[in-house]
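Remarks on the structure that follows.
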Amino acid sequence: MVRAVRGDGPLRPDKAEEAGFGANNSPLFKLFQVFRRSSPKPKVAGCYQRLLIVPDNDRAEEMTKKFHEGDAAHLTDSKWWELVEEADRQLLVSPGGNTGNAGGTATPGPQDTLDGFGPPTPPDAGPVGTGADTPSSPASPEIPIASLGGEYHSDSTNQRWEIRAFEILDTHPHVVTTGKPWSLRAQPNGVHEFLVNSRHPIFASATMTPLDGLLAELAWSAIDFLRGNSGSASFASVLAELRQRYATAHALDAVELGNQSRQVLLDIATTLKANVDATDAIALFNDLPSADQDAIFQKMAMRSAGNPQGVISAGRFLEYASVRVVSDFFSNNPELFLDGKCWDDAYATLDYGRPAATQAAQSQVVRYYESLLADAVWLAEQDASDLADAHRPRLLRAQLAIDLLAPTVEETS
């Protein structure tokens, strides 16, 4: 029974491989693969649907709490599935995301489809503004933004808003007549609809997002409601309160960034095993400086790796190397990570018809990833106390490097 439920050996694929166990396809292992991390890899369209997770952990915890409280709107998986689909749609337009169909939705393969999960398609949905989350007309659609919807509350002003958010296009009457990037309008049922035009020039900035616009609008609404009443609340204090509660997913947490950096470098290291055979893996390990080899063996001993030579021949020695060794290894062997091995960017397949031009193009690709790896390594090597005093622009650059370094190929177990 134990073997049928969880299989033989450890659940962690690396530990199972070290101990000599084969592939694990048990039900418990599949659950372990889903829940052992909160961020999918690779981050390409469809990845959130495969793992059934949402990017914002705070929102996930809030929805879980409402489910256990018996909130009718959260007793089904519809709202969760809306967030999952929205996260995949955003990857369709991201630099590392795969493109899907013209409609802007992810196109999962047959193995990615889970029967019975997600909201049912209503046979006759009403227009937006009457309580239905569907476009009002093909000419001026209002596309639901699930991640911005929900209940917002300001403790200092005792104001609550039930928000239903929608993306609008440049052809929407709201944009044509006012030119505003967003608006908040109250409905007779007490729900507030937030319309946002993300193509407005105000969002052509690294420091302005639709969430920023919504929270600013709510802060202004709260202060306007209290106009004429004495109190300690101000626009600045209410906005700070709302951001602390609802924008924590965008907070620049230096310690968390350090953890993310170490994780993404480990993710890069784990892709090597799928791209080398045993003979090449041993030769690549032997090419490392003796000091790096010794450090890898010491790390194996600390982690109680049962078969060090097997780890090396399997191409997994980089998983025990320092982050700087991983970066240097890429510089010496870029062909083992590009062309769809870790990242999709072309390298060995580049051909400009002239050797000098091809070599220049390849060097440019390598320099690009070397610069990203340098930022990630800097972040991973910093102590928590040092990161607390780091300059914000330096952290922002490192954060972007982490996002751009995420492997874009499927992980192999």
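The values are calculated or read from the model by the stated rules, or taken from the named source; none is laboratory data. Just so we're clear, the structure is a prediction, and the values are computed from it rather than from any experiment. Please note: Cβ atoms are built from the backbone with ideal geometry, for glycine as well, and neighbour counts cover all protein chains shown. Surface areas here come from the heavy atoms of the whole protein model, side chains and all, with no ligands, DNA or RNA. Shrake-Rupley method; radii C 1.70, N 1.55, O 1.52, S 1.80 Å.
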### Query
What pairs come up if the first residue lies in the stretch 261-277 and is over 12 Å from residue 320 (Cα atoms) and outside any helix (DSSP H, G or I), the second is open to solvent by less than 40 Å² (accessible area, probe 1.4 Å) and not charged (D, E, K, R), and their beta carbons are under 7 Å apart, counting only those six or more places apart or on different chains?
275/336; 276/284; 276/315; 276/336
#### Entry: Considering residues of the stretch 197-236 that are surrounded by 15 or more Cβ atoms within 10 Å (Cβ to Cβ) and polar (S, T, N, Q) only, the residue nearest to the chain's Cα centre (by Cα)
209
### Task
Could you please find all residues in the stretch 311-335 being open to solvent by less than 20 Å² (accessible area, probe 1.4 Å) and of a type in the set (A, V, I, L, M)?
311, 312, 318, 321, 325, 326
### Query
Between residues in the stretch 59-82 that are of a type in the set (A, V, I, L, M, F, W, C) and residues that are assigned to a loop (DSSP other than H, G, I, E, B), which pairs lie under 7 Å by C-beta distance while being six or more apart or on different chains?
60/54; 67/75; 80/54; 81/117; 81/118; 81/119
#### Entry: Per-region count, the stretch 70-88, residues outside any helix (DSSP H, G or I) and among the charged types (D, E, K, R)
2
### Query
Restricting to the stretch 143-187, what's the tally of residues that are out of contact with any strand residue (DSSP E or B) (no Cβ under 9 Å at 6 or more places or on another chain) and over 22 Å from residue 243 (Cβ atoms)?
7
### Query
Among all residue pairs at least 6 apart or on different chains, which show Cβ distances below 6 Å where the first residue, located in the stretch 188-204, is touching a residue at least 24 places away in the same chain (Cβ under 8 Å) and over 17 Å from residue 171 (Cβ atoms) and the second is hydrophobic (A, V, I, L, M, F, W, C) and open to solvent by 50 Å² or more (accessible area, probe 1.4 Å)?
192/186
#### Entry: Search result, residues across the stretch 155-185 that are within 16 Å of residue 213 (Cα to Cα), under 30 Å from the mean Cα position of the chain (by Cα) and open to solvent by less than 70 Å² (accessible area, probe 1.4 Å)
161, 163, 164, 165, 166, 167, 168, 181, 182, 183, 184
#### Entry: residue 217 closer than 23 Å to residue 60 by Cα and charged (D, E, K, R)
no
### Task
Can you confirm whether the stretch 303-324 contains a residue that is at pLDDT below 95, among the basic types (Lys, Arg), within 30 Å of residue 388 (Cβ to Cβ) and not in a helix (DSSP H, G or I)?
yes
### Task
Answer yes or no as to whether residue 194 is surrounded by 13 or more Cβ atoms within 10 Å (Cβ to Cβ), of a type in the set (Phe, Trp, Tyr) and more than 19 Å from residue 157 (Cα to Cα).
yes
### Message
For the stretch 330-388, which positions are at positive phi and under 28 Å from the mean Cα position of the chain (by Cα)?
### Response
339, 340
### Task
Would you be able to say whether some residue in the stretch 238-247 is at pLDDT 90 or above and more than 28 Å from the chain's Cα centre (by Cα)?
yes
